[in-house]
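Chemist: I have a structure here, written as structure tokens, and I will follow up with some questions on it.
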Number of protein chains: 2
Amino acid sequence: MYPKTLQQLIESFKMLPGVGQKTAERYALTMLESNIEDLNEFASNLMNIKLNIKTCKVCHNLTETEICDICADNTRDQNTICVVSSAKEVFSIEKTQEYHGVYHVLDGLISTKKGIMPDQLNIESLEKRLSQESKEVILALNATVEGEMTSLYLAKRLEDRVDVTRLAFGLPIGGHLDYADDMTLIKAFEGRNKIK
Amino acid sequence: MYPKTLQQLIESFKMLPGVGQKTAERYALTMLESNIEDLNEFASNLMNIKLNIKTCKVCHNLTETEICDICADNTRDQNTICVVSSAKEVFSIEKTQEYHGVYHVLDGLISTKKGIMPDQLNIESLEKRLSQESKEVILALNATVEGEMTSLYLAKRLEDRVDVTRLAFGLPIGGHLDYADDMTLIKAFEGRNKIK
């Protein structure tokens, strides 16, 4: 058996997604070789996130302030709202540097399987953000059954007040036709465009 | 960009072996969903390892006491010493519950590539442990060029004072003959035994 302190650290690492005994052991033994400053910083970073990170009062994105940087940014188009299921996706879209509107984080997707109903998601606050000036709500949800269900529900609920669009389905860039599944191929055919 | 505190935690996770940006993000976001008690425990476990874990004065294994549990255990055969390159391997061998001697951790292997010379390893302390009563030194080192070099060096250096053996080479249990590489097959032929 490993010494008790090391065993406890291994157990902590096993909290991480996809980390089993072997990987946790490897992580813990690597930490043992790190210098004390790095370890203390790691530890304080762990303790700080719960204290410092909140959700934005407007869009429910992760932030250290009341209102997140994106919602507070007046150079962004505040009348185009991109709806995502979790804060993680905000960062994925931001990385592309192509989207200049704002976001709304639902914190989940409607799921009959997991029993997640629309009233458990941040939909009411999304509705409250809509105004006469609202131009477009872009649904950027997973191309899964749950994402689809949520998209259809939101489209129905909001279509009278604002234009509702969704991301395009199709072949991923770099994807090979013979590896694409049937549904992707069907959607790619349906969504075909004229070559400009 | 992620909020600063979260970004710092992501950087900390990137210290772990084999963890890149994506995995670190996933780990950090999972931590954000953990409860504060788990996070504080994780943090204190990280800080404690450097304070609590030392190397055994006798065998250089990891321990919380001056002398590790294995060296201090009088029911174990103190005259059979199994030589391993790192503390991790002690735990691997202990898990089998088949070995009842003691260990000696070299803390590395001789390597011309990495410039690791015999005097940088715990070899002198191994020699000092040998006495008239010593029965056997079992070399349990990797079946790599470096492991091999270290085994040959140790065998030469110790053979006048004690019996030196090494682990058997051969097919791994569950291994298929057609997947075995040439060297493994040659060693398996060389080491063939009568079926009892």
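The values are calculated or read from the model by the stated rules, or taken from the named source; none is laboratory data. Just so we're clear, the structure is a prediction, and the values are computed from it rather than from any experiment. FYI the Cβ positions are ideal-geometry reconstructions off the backbone, even for glycines, and counts take in every protein chain you see. Please note that ligands, DNA and RNA were not included when accessible areas were found on the heavy atoms of the full protein model with its side chains. Shrake-Rupley method; radii C 1.70, N 1.55, O 1.52, S 1.80 Å.
Chemist: Using Cα pairs under 8 angstrom and six or more residues apart, how large is the relative contact order of region A:47-196, in percent? Intermediate results must be reported in sequence, preceding the final value.
Modeler: Numbers: 197 pairs, mean separation 26.0, N = 150.
Relative contact order comes out at 17 percent.
Chemist: Do you know which residues of region B:45-76 lose at least 30 square angstrom of accessible area in the protein assembly compared with their chain on its own, with a 1.4 angstrom probe?
Modeler: B:ASN45, B:LEU46, B:MET47, B:ILE49, B:LYS50, B:ILE53, B:LEU62, B:GLU64
Chemist: Oh, and also: Which distances in nm, rounded to one decimal and ordered from shortest, link the label point of A:GLU136 to the equivalent label points in the other identical copies, with labels set 7 Å from Cα toward Cβ?
Modeler: Relative to the other copies, A:GLU136 has label-point distances of 7.5 nm.
Chemist: Mind scanning A:LYS156/A:LYS187; A:LYS14/A:LYS50; A:LYS50/A:LYS135 and naming the pairs with a C-alpha gap bigger than 24 Å?
Modeler: On the way: A:LYS156/A:LYS187 21 Å; A:LYS14/A:LYS50 19 Å; A:LYS50/A:LYS135 35 Å.
Going by Cα-Cα distance, A:LYS50/A:LYS135 fall outside the 24 Å limit.
Chemist: Taking B:ALA72 in one copy and the same position in all the others, each labelled 7 Å out along Cα→Cβ, what are the pairwise distances from the first, in nm, shortest first?
Modeler: 5.4
Chemist: Next up: Please give the contour-minus-distance gain from A:HIS176 to A:LYS196: 0.36 nm per residue of separation, less the Cα-Cα distance, rounded to one decimal in nm. Mind showing how you got there, number by number?
Modeler: Numbers: separation 20, 0.36 × 20 = 7.20 nm, distance 2.21 nm.
So the chain would gain 5.0 nm between A:HIS176 and A:LYS196.
Chemist: Looking for one value pair here: nearest-to-axis residue in chain B (by Cβ) for the rotation onto A, and the distance in whole angstrom.
Modeler: Closest to the axis: B:ALA43, 2.
Chemist: Over chain B, average the accessible area per residue using a 1.4 Å probe and give it in Å², no decimals.
Modeler: Numbers: 11700 Å² over 196 residues.
For chain B, the solvent-accessible area averages 60 Å² per residue.
Chemist: Sticking with this structure for a sec: Whole Å is fine, so just give me how far the alpha carbon centre of region A:63-97 lies from that of region B:1-57.
Modeler: That distance is 26 Å.
Chemist: Which percent of the Cα-Cα distances in region B:4-52 go past 17 Å?
Modeler: 40
Chemist: OK, next. On full extension of the chain, what length is gained from B:ALA155 through B:ASN142, given 0.36 nm per residue of separation minus the C-alpha to C-alpha distance?
Modeler: Numbers: separation 13, 0.36 × 13 = 4.68 nm, distance 1.49 nm.
Roughly 3.2 nm would be gained on extension.
Chemist: Say we join alpha carbon atoms closer than 10 Å with springs in a Gaussian network model of chain A; which of A:GLN120, A:GLN132, A:GLN78 then has the biggest fluctuation?
Modeler: Maximum fluctuation in the GNM of chain A, among the listed residues, is at A:GLN132.
Chemist: For B:SER44, place a label point 7 Å from Cα along the Cα-to-Cβ direction in every copy; what are the distances to the other copies, in nm, shortest first?
Modeler: 1.9
Chemist: Here's something else I'd like to know. How large is Rg over Rh for region A:142-196, taking Rg from the Cα atoms and Rh as the Kirkwood inverse mean of 1/r across Cα pairs? Numbers along the way, then the final one.
Modeler: Values: Rg = 13.8 Å, Rh = 13.1 Å.
Radius of gyration relative to Kirkwood radius: 1.05.
Chemist: Using a probe of 1.4 angstrom, how much of the accessible area of region A:75-166 is carbon and sulfur, in percent?
Modeler: Working: 2500 of 5090 Å².
After summing per-atom areas, the C and S share lands at 49 percent.
Chemist: Plugging the Kirkwood radius over Cα pairs into Stokes-Einstein for region A:15-108, at a temperature of 20 °C and a viscosity of 1.002 mPa s, what D comes out in µm²/s? All intermediate terms of the calculation are to be shown ahead of the outcome.
Modeler: Values: Rh = 15.9 Å.
Reported coefficient: 135 µm²/s.
Chemist: Using the beta-carbon distance between A:LYS114 and A:PHE169 and R0 = 25 Å, what value does 1/(1 + (r/R0)^6) give for FRET efficiency, to the nearest 0.05? Let's see the in-between values first.
Modeler: Working: r = 24 Å, r/R0 = 0.95.
The computed FRET efficiency comes out at 0.60.
Chemist: Further, regarding this structure: Using a 10 Å cut-off on Cβ to Cβ distances, tally the other chain neighbours for every residue of A:33-43 and report the average as a whole number. Write out the running numbers ahead of the final one.
Modeler: Details: counts 0, 5, 1, 4, 0, 4, 9, 4, 6, 11, 10.
Shielding by partners across A:33-43 averages 5.
Chemist: Let me ask something else about it. Using protein chains only (no ligands, no nucleic acids) and a 1.4 Å probe, work out which residues of region B:1-19 have their accessible area cut by at least 40 Å² relative to the chain alone.
Modeler: B:TYR2, B:PRO3, B:THR5, B:LEU9, B:SER12, B:MET15, B:LEU16, B:PRO17
Chemist: Once you sort the root eigenvalues of the Cα gyration tensor of region A:40-155 as a ≥ b ≥ c, which label holds: rounded (a/c under 1.5), prolate (a/b larger than b/c) or oblate (the other case)? The partial results should precede the final answer.
Modeler: On the way: a/c = 1.83, a/b = 1.22, b/c = 1.49.
Oblate, since a/c reaches 1.5 and b/c is not below a/b.
Chemist: Let me ask you something else. Can you pull out the GluC sites (Glu not before Pro) in region B:43-101 whose DSSP state is coil and whose Cβ has at most 10 other Cβ atoms within 10 Å? Don't jump to the answer; show the numbers that get you there.
Modeler: Working: sites: B:GLU64, B:GLU66, B:GLU89, B:GLU94, B:GLU98; in loops: B:GLU64, B:GLU66, B:GLU98.
Here the sparse-neighbourhood loop sites are B:GLU98.
Chemist: Semi-axes, largest first, in whole Å: what does sqrt of 5 times each Cα gyration tensor eigenvalue give for region A:91-173? Working shown, then result.
Modeler: On the way: eigenvalues 76, 70, 31 Å².
Ellipsoid half-lengths, sorted descending, are 20, 19, 12 Å.
Chemist: What FRET efficiency comes out for the pair A:SER92/B:ILE186, r = Cβ-Cβ distance, R0 = 56 Å, nearest 0.05?
Modeler: Efficiency, rounded to the nearest 0.05: 0.65.
Chemist: Any chance you could tell me what percent of the C-alpha pair distances in chain B go past 30 Å? Could you put the intermediate results ahead of the total?
Modeler: Details: 8015 of 19110 pairs.
Pairs farther apart than 30 Å: 42 percent.
Chemist: If you place +1 on the Cβ of every Lys and Arg and -1 on the Cβ of every Asp and Glu, how big does the dipole about the Cα centre of chain B come out, in debye to the nearest 20?
Modeler: Details: 23 positive and 29 negative charges, 71 e Å.
The calculated dipole for chain B is roughly 340 debye.
Chemist: Moving on. What FRET efficiency comes out for A:GLU64 versus B:GLN21 if R0 is 25 angstrom and r is the Cβ-Cβ distance? Round to the nearest 0.05. Numbers along the way, then the final one.
Modeler: Working: r = 20 Å, r/R0 = 0.82.
For A:GLU64 and B:GLN21, the calculated efficiency is 0.75.
Chemist: Turning to a different aspect of this structure: Work out, in µm²/s and without decimals, the Stokes-Einstein translational diffusion coefficient of the protein assembly as shown at 20 °C, 1.002 mPa s, Rh from Kirkwood over C-alpha pairs. Present the calculation step by step, with values, prior to reporting the outcome.
Modeler: Details: Rh = 26.1 Å.
D = 82 µm²/s.
Chemist: Could you work out the relative contact order of region B:1-67, using alpha carbon pairs under 8 angstrom and six or more residues apart, expressed as a whole percent?
Modeler: On the way: 38 pairs, mean separation 10.8, N = 67.
Relative contact order, region B:1-67: 16 percent.
Chemist: With springs only between Cα atoms under 10 Å apart, run a GNM on chain B and tell me which of B:LEU51, B:LEU167, B:LEU158 wobbles the most.
Modeler: Among B:LEU51, B:LEU167, B:LEU158, the largest mean-square fluctuation in the Gaussian network model of chain B belongs to B:LEU51.
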